[in-house]
Amino acid sequence: MVSVLASCVEPFDISGEVETGENIENFLVVEATVTNEPKQQEVLLGRGRSFANDSLQPVTQNANVSVVDGNGNRFSFTETEPGRYVSDQMFQALPNTTYQLNIQTAQGSSYASELVSLPETATIAAVYAERIINDLGVEGIAIYVDSEIMPGEAPFLRYQYEETYKIIAPLWSPLDIVVTDPNPPYGFDLVAREQEERVCYDTRLSNRVIQATNLRRTGNQVNRNLVRFIPSDDFMISHRYSILVRQLAQAADAYSFYRTLNEQSGNQSLFTEIQPGFIEGNVSNTGNPNEKVLGFFEVANVSQERLFFNYDDFFPDEDLPPYAINCNFLAAPPPITDAGTSPLKDAVDSGLFVYIANNGGEVEGGPYLMARRACGDCTVLGSNQVPDFWTEE
């Protein structure tokens, strides 16, 4: 085990409302990144609404959104959910070509970005995990990235990640309890479960943008960019864990915009948190250049790699992290009371509890041992569908 400083990256989110002085501003907020990946690209639009309300109003009502390249090709976007616009066709950013974002709102205002082009490529060379103690004294798993960069180029890198982890319900039973007679004296039966509820998977997306700083550069390689730290007692790494790391090589002005945002916002979310002031991006109102627009349109080169590991790879023979919720046996209430009601039926009908085992006197109460549903049914916390990319050892 090694001890390192876990401060070589600076994370922040890139979207939200802003506030200047005492005046509430209704800024247009733009988050848009077109990559070299052949896919349907996305643009997010919103407006800051209120200093007291830390939410963002999506720009809806079918705004007209498009990206135009230097060859005159226009890629139109359609709103798929409030504030989220997806390109009608797959396309990718190409080298030696400029791109411009165009937006026309339902109210008739038009906005355009500056012309941007694809920066030089940076490729992930390795994604790996190490057991560390970070600079706050917390033990856990650090996930690093090594990258290959172009000779003589300054690496402007940011990262996103998608993490998926296995969930195993600790009090799972192959049987479940059902009500067979809803009327007094009530009837109950134990039946086999009809779906997989012991092993599930959950996926979380990074909710921030991480910029790498203080790079360790050797020739054409930068090493040990820390993109994720997971404390050793985090439920996510209890069994098997996977992370897909996406590295985006940025242009210098895009890197500078996000860097300034990070410094001014204190790592707060621009889409969901209040900002102390206005940060000028590269999108403006074509008819009113004095209008403040918050956000940035960038084109980025993407490289990605996936990593798997198990908890016992780093913590052999150690207790697993605590489950997501506290799991104790609960004695089910009696099937029928002197008043003719059935607390057991009420408990089953509520869907909040699951059968664990027959009560052989371990716990005072009814004839069955019950538990909170998530303790015996993993679908409360994730999906029972195995992800397509998932592999075991």
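The values are calculated or read from the model by the stated rules, or taken from the named source; none is laboratory data. These numbers come from a predicted model, not from an experiment. Note that each Cβ is placed from the backbone with ideal geometry, even for glycine, and that neighbours are counted across all protein chains shown. These accessible areas exclude ligands, DNA and RNA; they are computed on the full protein's heavy atoms, side chains included. Shrake-Rupley method; radii C 1.70, N 1.55, O 1.52, S 1.80 Å.
How tilted is helix 252-265 with respect to the longest principal axis of the chain? Cα atoms for both, answer in degrees (0 to 90, nearest 10). On a 0 to 90 degree scale, this one is about 50. Residues 146, 319 ordered from highest to lowest accessible area at a 1.4 Å probe: 319, 146. With point charges of +1 on the Cβ of Lys and Arg and -1 on the Cβ of Asp and Glu, referenced to the Cα centre of the chain, which listed residue (237, 155, 310) lies farthest in the positive direction of the dipole? Farthest towards the positive pole: 155.
Distance from the Cα centroid of segment 276-314 to that of segment 157-235 is 26 Å (rounded to whole angstrom). Shape class of segment 100-184 from the Cα gyration tensor (axes a ≥ b ≥ c, square roots of the eigenvalues): oblate, since a/c reaches 1.5 or more and a/b does not exceed b/c. What the phi angles of segment 310-320 give under the Karplus curve with 6.51, -1.76 and 1.60, with θ = phi - 60°, is a coupling list of 9, 4, 6, 5, 10, 10, x, 6, 10, 4, 5 Hz, glycine and proline written as x. Counting pairwise Cα distances across segment 158-260, what percent come out greater than 19 angstrom? Percentage above 19 Å: 65. Heavy atoms of the protein chains alone define the surface here; on that basis the chain has 48 Å² accessible area per residue at 1.4 Å probe size.
Whenever you get a sec, compute what percent of the accessible area on the chain sits on carbon and sulfur atoms (1.4 Å probe). Of all accessible area on the chain, carbon and sulfur atoms account for 46 percent. Using θ = phi - 60° in the Karplus curve 6.51 cos²θ - 1.76 cosθ + 1.60, the 3J(HN,Hα) couplings for segment 96-104 round to 6, 9, 8, 9, 9, 8, 10, 9, 10 Hz; x is entered for Gly and Pro.
In the elastic network of the chain, a GNM with C-alpha springs shorter than 10 Å, the most mobile of 218, 78, 286 is 218. In this structure the amide hydrogen of residue 70, modeled in the peptide plane, comes within under 5 Å of the amide hydrogens of 98, none closer than 5 places in sequence on its chain.
When only the Cβ of Lys, Arg, Asp and Glu is charged (+1, +1, -1, -1), the dipole of the chain relative to its Cα centre reaches about 780 debye. Going by the alpha-carbon gyration tensor, a ≥ b ≥ c the square roots of its eigenvalues, is segment 299-338 rounded (a/c under 1.5) or, if a/c is not under 1.5, prolate (a/b greater than b/c) versus oblate? It is oblate, given that a/c is not under 1.5 and a/b is not larger than b/c. The alpha carbon convex hull volume per residue for the chain rounds to 205 Å³.
Summarising the amide proton neighbourhood of residue 232: residues at separation of 5 or more, or on other chains, whose placed amide H is nearer than 5 Å comprise 139, 140, 141.
Build a GNM of the chain with springs between Cα atoms under 10 Å apart, and of 305, 79, 194 the one that fluctuates most is 194. Highest mobility in the GNM of the chain, judged by mean-square fluctuation with C-alpha springs under 10 Å and restricted to 45, 261, 352, is found for 352. Between the residues 116, 260, 369, the greatest Cα displacement towards the positive end of the dipole of the chain, with unit charges on the Cβ of Lys, Arg, Asp and Glu, is found for 116.
Applying the Karplus relation 6.51 cos²θ - 1.76 cosθ + 1.60 with θ = phi - 60° to segment 169-179 yields 3J(HN,Hα) values of 5, x, 10, 5, 10, x, 10, 10, 9, 10, 8 Hz, where x marks Gly and Pro.
Seen through its C-alpha gyration tensor, with square-root eigenvalues sorted a ≥ b ≥ c, segment 297-381 comes out oblate because a/c lies at 1.5 or above while a/b is not bigger than b/c. The relative contact order of the chain comes to 22 percent, based on Cα pairs under 8 Å that sit 6 or more residues apart.
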